[in-house]
1. From the list B:L98, B:L133, which residue is on the phi < 0 side of the Ramachandran plot, modelled with pLDDT of 95 or more, away from chain A (no Cβ under 14 Å) and crowded, with 21+ Cβ neighbours inside 10 Å?
2. Quick one: would you say A:A110 is out of contact with any Leu (no Cβ under 8 Å at 6 or more places or on another chain), among the small types (G, A, S), modelled with pLDDT of 95 or more and buried (at least 24 other Cβ atoms within 10 Å of the Cβ)?
3. For residues that are surrounded by 21 or more Cβ atoms within 10 Å (Cβ to Cβ) and outside any helix (DSSP H, G or I), scanning just segment B:14-39, find the one that is farthest from the chain's Cα centre (by Cα).
4. Any residue that is in contact (Cβ under 8 Å) with a residue 60 or more places away in the chain and assigned to a helix (DSSP H, G or I) - is there at least one of those in segment A:41-62?
5. Any chance segment B:235-252 includes a residue that's within 11 Å of chain A (Cβ to nearest Cβ), closer than 14 Å to B:A122 by Cα and either among the aliphatic types (A, V, I, L, M) or within 18 Å of the chain's Cα centre (by Cα) (or both)?
6. Right, A:L75: part of a helix (DSSP H, G or I) and of a type outside the set (D, E, K, R) or not?
7. Quick check on A:I190: is it more than 27 Å from A:L65 (Cβ to Cβ), away from chain B (no Cβ under 14 Å) and of a type in the set (V, I, T)?
8. Within segment A:286-304, is even one residue surrounded by 14 or more Cβ atoms within 10 Å (Cβ to Cβ), within 14 Å of another protein chain (Cβ to nearest Cβ) and modelled with pLDDT of 85 or more?
Number of protein chains: 2
Amino acid sequence: VSVDDERLARITLMRIAEPDDVELSAALSSGAADVVARLRAGSLPIKAAEACRRRLDGYDPLRDLELADASGARLVCPGDPEWPTQLDDLGLRGPFGLWVRGETDLRRAAVRSISVVGARAATGYGQTVATELAAGVAERGFAVVSGAAYGIDSAAHRGALAVAGVTVAVLACGVDVPYPRAHAALLCRIAADGCVVSELAPGVTPSRHRFLVRNRLIAALSAGTVVVEAGLRSGAGRTAEDALGLCRVLMGIPGPVTSVVSSGVHRMIREGGAILVTNVAEVIEAVGDIGADLAPVQRGPAALLDSLPGECRRVFDALPARRPADVLELARESGFGAEQVIAALGQLSALGLVERVDGGWRISRGMRRAGA
Amino acid sequence: VSVDDERLARITLMRIAEPDDVELSAALSSGAADVVARLRAGSLPIKAAEACRRRLDGYDPLRDLELADASGARLVCPGDPEWPTQLDDLGLRGPFGLWVRGETDLRRAAVRSISVVGARAATGYGQTVATELAAGVAERGFAVVSGAAYGIDSAAHRGALAVAGVTVAVLACGVDVPYPRAHAALLCRIAADGCVVSELAPGVTPSRHRFLVRNRLIAALSAGTVVVEAGLRSGAGRTAEDALGLCRVLMGIPGPVTSVVSSGVHRMIREGGAILVTNVAEVIEAVGDIGADLAPVQRGPAALLDSLPGECRRVFDALPARRPADVLELARESGFGAEQVIAALGQLSALGLVERVDGGWRISRGMRRAGA
């Protein structure tokens, strides 16, 4: 089984299975290609087997690869340099893979990120607070993760974009589907400066189940989730539960007790799951507690570099200050072979020190700002 | 030393000393009359001795008794049947005595009460919430304790009055001083249906120190304090600290994070001292936890009566259903002597089963409602 077969098998699973299928995930220990083969043969005893097998009829994963490619999306699989390792905390609830559209390295963005979610039927108050909060955390070098929905989600994305920050939209539909349609331009802007992400196959439309399971990705990607407004029964409430289940920091922005879209947030705070936060500093303080290991950049770039193996340091030093370099140039400069360079870049990328761009690799935005 | 001398000595201390003087309180173990005598002789070694001695020159406590009487106020001292025993939790910070103006028995009101306090510079939102909350808890049989100030305090009193509930105003000036002047009519209404209370001598004007120490009485009188709006530095913050120090339940009503008068409340919730509450039911649930022993009426009036000594029960049964009766009538009806009747009334009053009114004693409002 070659690597390419494994990737094609994961593309296949993203098309034929529903996300968050723990039975299917459990079978993955024998490899995705094996799982697909057993599904095709009807020999995998899981509940979704028959539905998956039907969808396999005449299916060609290369077609999804072409569709993704046409929308500028790349495949990121568990273990890839760009894979956000936080998602591994989902265990058997983790995605089979991700389609990622956008200029930013997803792993680098997620390693230092905060999710901001809330009601679609948000008030002016909630949207203002979400925008300002997102802008504030983005200015402090955190990517803002949300779901591109109406209301709080889009206010959060726009806040990050307004300060030229990084923002990540996790969709409950294909990465190439402009949903909601009114946010087509917003999604383009997010992809330009950040990432648009989905675990669903290209072209897939959203459904209630897909919205709900999508929320676990928003909760898992970041160190903490801020709920800005939420009614008593809301999708944001599901994200909040997921965040708590994953030992992420859950935060809530209070509002008037007379506002129905603040009542869900107040309940989260009352029941002890959510920390009441009122501004950017309190949010960053809260994620700082457990974020230290997720966000090593906070320890200071110089100290971080010193702690790295010598070959990482040498590859980092080989990067030009203001332009990208490709692997061959870095191999030449550092004196290492291409494989050693690629391994070092993987580590540097995981720590947010370098990022992949058109034309190769460069020192990441945060590091350039820090003057490293 | 007769009882009357002790009472006159307490009236004297309320005039010549500042409240919340723990040195002076510590000396009270030998009796108030003894303390006054030693102050007069210059033989009490406390910091305030000289100031107290100067104020004793030509002072006659009967004059204060006349002043209080003229404004319809009565003296309530520690150990009196009307003394709210919750104040004993203040220890050496307890008041020397209280001047009480109003139709309601203070002990009965306080035994089942909730304090509602907050900013003078309250918003329309805060005042609306305070009024509705106070009305709601008053309808559930709780007296509403507050400080008669502008903003949240007066909104709380008005809420209780609007539903013909009991409300208690604790003043930072003499019980006969209409402060703030714009609240003169409000204070009259509070006295008519509830109590106006002060530990200061008649005619005394408010000062910053008096406002601050007054807050400990508001916190101590009730099972729980709700802060509706408060800036980061506020008198309500002091009341909140007092409430926590006294192991009372501290509650906070959240508001928009953009409102400066909600920031103090949010801090109380963030720092773990205050429970976030959003409505009447949550407030009552919160005080219910520790309020069980403070509010025996919650156990049900019939059960409570059954648990009383036989003479209490007989005196209670001797009370007419719809009008007051005096001690002589009750003695005749119950077959007890006047002193036994008075002792029984003291116990019944402490439990909130009877109340003192013009013309004698009657079954308390709460008990009449309960159909006992």
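The values are calculated or read from the model by the stated rules, or taken from the named source; none is laboratory data. Bear in mind that the values here come from a model prediction, so they are computed numbers and not experimental data. We place every Cβ from the backbone using ideal geometry, glycine too, and count neighbours over all the protein chains shown.
1. Details: B:L133 fails: away from chain A (no Cβ under 14 Å).
Unique residue meeting the criteria: B:L98.
2. Numbers: out of contact with any Leu (no Cβ under 8 Å at 6 or more places or on another chain): no; among the small types (G, A, S): yes; modelled with pLDDT of 95 or more: yes; buried (at least 24 other Cβ atoms within 10 Å of the Cβ): yes.
Here the answer is no, as A:A110 does not meet what is asked.
3. Checking each candidate, the answer is B:A17.
4. We begin by selecting, within segment A:41-62, every residue in contact (Cβ under 8 Å) with a residue 60 or more places away in the chain; these are none.
So far as segment A:41-62 goes, no, none of its residues is in contact (Cβ under 8 Å) with a residue 60 or more places away in the chain and assigned to a helix (DSSP H, G or I).
5. Going residue by residue through segment B:235-252, those that are within 11 Å of chain A (Cβ to nearest Cβ) are B:251-252.
Still in the running and closer than 14 Å to B:A122 by Cα: none.
For segment B:235-252, residues within 11 Å of chain A (Cβ to nearest Cβ), closer than 14 Å to B:A122 by Cα and either among the aliphatic types (A, V, I, L, M) or within 18 Å of the chain's Cα centre (by Cα) (or both): absent.
6. Details: part of a helix (DSSP H, G or I): no; of a type outside the set (D, E, K, R): yes.
Taking the combined requirement at face value, the residue does not satisfy it.
7. Details: more than 27 Å from A:L65 (Cβ to Cβ): no; away from chain B (no Cβ under 14 Å): yes; of a type in the set (V, I, T): yes.
So A:I190 fails the test.
8. Yes, the conditions are met somewhere in segment A:286-304.
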